[in-house]
Amino acid sequence: MKNIISVLALTFITLVMMVSANANAQKPSSKSIVTDSLFVRGVCGSCKDRIENAALIKGVKKVSWNKETQYLTVIYKPSKVSLDEIEDEVVLAGHDTKDKKALDKNYNKLPACCAYRSGIAPH
């Protein structure tokens, strides 16, 4: 009888440990890192610098904007920052995205070489 109780207790403990390990494996890690991209309008090296600097906020690990494709690649921690927050910072810097347009007051602060809307930045 004592052996049966020991076997049952050991089986129960093993089962609890397996369920616990499985539950932990299914939870998203707070340390997970995501790579995503945004369409961001720009035309030159100054745009590249501005876009990348604007996107490099807390929680963002790496950014790279490609002038030819107009896409900003962002590596970030979603537990610290959202893609929407990153996009908002880029728009505040004066650059339009696919879903958001920079305010004219921010766009107008761009140098003439960065006039991606009309070819000539209004000042």
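What follows is calculated from the coordinates using simple rules that are stated; it is not laboratory data. If you're wondering where the values come from, they're calculated on a predicted model, not measured in any experiment. Methodologically, a virtual Cβ is constructed for each residue, glycine included, from the backbone with ideal geometry; neighbour enumeration extends over all protein chains shown.
Counting other beta carbons within 10 Å of each residue's own, what order do Thr97, Thr73, Thr35 fall into, fewest first? Let's see the in-between values first.
Numbers: Thr97 19, Thr73 15, Thr35 10.
Final ranking by Cβ density, sparse to dense: Thr35, Thr73, Thr97.
Find the relative contact order for the range 34-114 and round it to a whole percent, using C-alpha pairs within less than 8 Å whose residues are 6+ positions apart. Working shown, then result.
Details: 135 pairs, mean separation 27.6, N = 81.
Relative CO of the range 34-114 lands at 34 percent.
Where both residues lie in the range 34-114, what percent of DSSP beta bridges are antiparallel, nearest 5? List each step's numbers first, then the result.
Values: 13 of 13 bridges.
Given both bridge residues lie in the range 34-114, the antiparallel proportion sits at roughly 100 percent.
Give the shape of the range 34-114 as rounded, prolate or oblate, defined through the alpha-carbon gyration tensor: a ≥ b ≥ c are the square roots of its eigenvalues, a/c under 1.5 means rounded, and otherwise the shape is prolate if a/b is larger than b/c and oblate if not.
Working: a/c = 1.96, a/b = 1.54, b/c = 1.27.
Prolate is the answer for the range 34-114, as a/c is 1.5 or above and a/b outweighs b/c.
Filter the cross-link list Lys62/Lys101; Lys61/Lys100; Lys48/Lys109 down to pairs whose alpha-carbon distance in this structure exceeds 21 Å. Walk me through the numbers on the way to the answer.
Numbers: Lys62/Lys101 23 Å; Lys61/Lys100 23 Å; Lys48/Lys109 16 Å.
As for pairs spanning more than 21 Å Cα to Cα, those are Lys62/Lys101; Lys61/Lys100.
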